[in-house]
Amino acid sequence: DLFISIHADASRSRRPYGSSVYCLSTKGASSEAARLLARQENLADIVGGSESDHSAEESDPITLNMIQTETINKSKLFGTTILNHFKKISAVKFPRIQEAPFMVLKLPHIPSILVETGYISNPKEEMLLRDNRQLLGSG
C-alpha cells in the first residue's frame, strides 16, 4: 500500500512555480519552505478534524521507530521515482525530496508522500492544472 496526498500549492505572489515532493521527517523540516508548508497543512488537518495516529504499537517505541524508519525509507524511494518523473515533464521547485513533519504522512506502516503538483496561484500552472488533457497524459 502507498498513500499519496496530492495538493496544488499557492502563494500570494503569482510568480512561484514548480512541483515538489515531500516525505515525513521525524526530526524536523529539511528547509524553511518545507517547515512552513507542513505548519500550514497540519493546521488545516486540525481544523478539518484529522484524528491523531495513536496505535497499540506506540507502547513499544523501539518497534515503532524501526517500523517508521523502514516506512520513511520506502517513502523516499517512491518519492524519488515520482520526482524524477516530474523532472521529465515539468518544472520542479526542489531538486530533491523535501522532508517535513506532516501529520497526514505519519501512519507508521504505510509509505506515504505529499505531492505539490504546481502553483494554482501561477497563471501558467493554473491553466495546466485545469487542463484535462494534462491529467490524461496527452498534453
Inset, instruction - Please name all residue pairs, on different chains or six or more residues apart, with Cβ atoms under 7 Å, provided the first residue is in the stretch 64-75 and is surrounded by 14 or more Cβ atoms within 10 Å (Cβ to Cβ) and the second residue is modelled with pLDDT of 90 or more and of a type in the set (Ser, Thr, Tyr). - result: 75/112
Legend entry - Residue that is at pLDDT below 70, out of contact with any Pro (no Cβ under 7 Å at 6 or more places or on another chain) and not small (Gly, Ala, Ser), where the choices are 46, 6, 72, 97: 46
Inset, instruction - Please work out which residue is most open to solvent (accessible area, probe 1.4 Å), limiting yourself to the stretch 108-136 and to residues that are of a type in the set (S, T, N, Q) and free of Cβ contacts under 8 Å to residues at least 24 places away in the same chain. - result: 132
Legend entry - residue 14, sole failed condition from (1) of a type outside the set (Ser, Thr, Tyr); (2) at pLDDT 85 or above; (3) under 14 Å from the mean Cα position of the chain (by Cα): (3)
Inset, instruction - Identify, by number, the condition in (1) open to solvent by less than 30 Å² (accessible area, probe 1.4 Å); (2) without any contact (Cβ under 8 Å) to a residue 24 or more places away in the chain that residue 105 doesn't meet. - result: (2)
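The values are calculated or read from the model by the stated rules, or taken from the named source; none is laboratory data. Just so we're clear, the structure is a prediction, and the values are computed from it rather than from any experiment. Heads up, the Cβs are rebuilt from the backbone with ideal geometry, glycines too, and the neighbour counts pull from every protein chain shown. We work out accessible area using only protein heavy atoms, side chains counted, and drop any ligands, DNA or RNA first. Shrake-Rupley method; radii C 1.70, N 1.55, O 1.52, S 1.80 Å.
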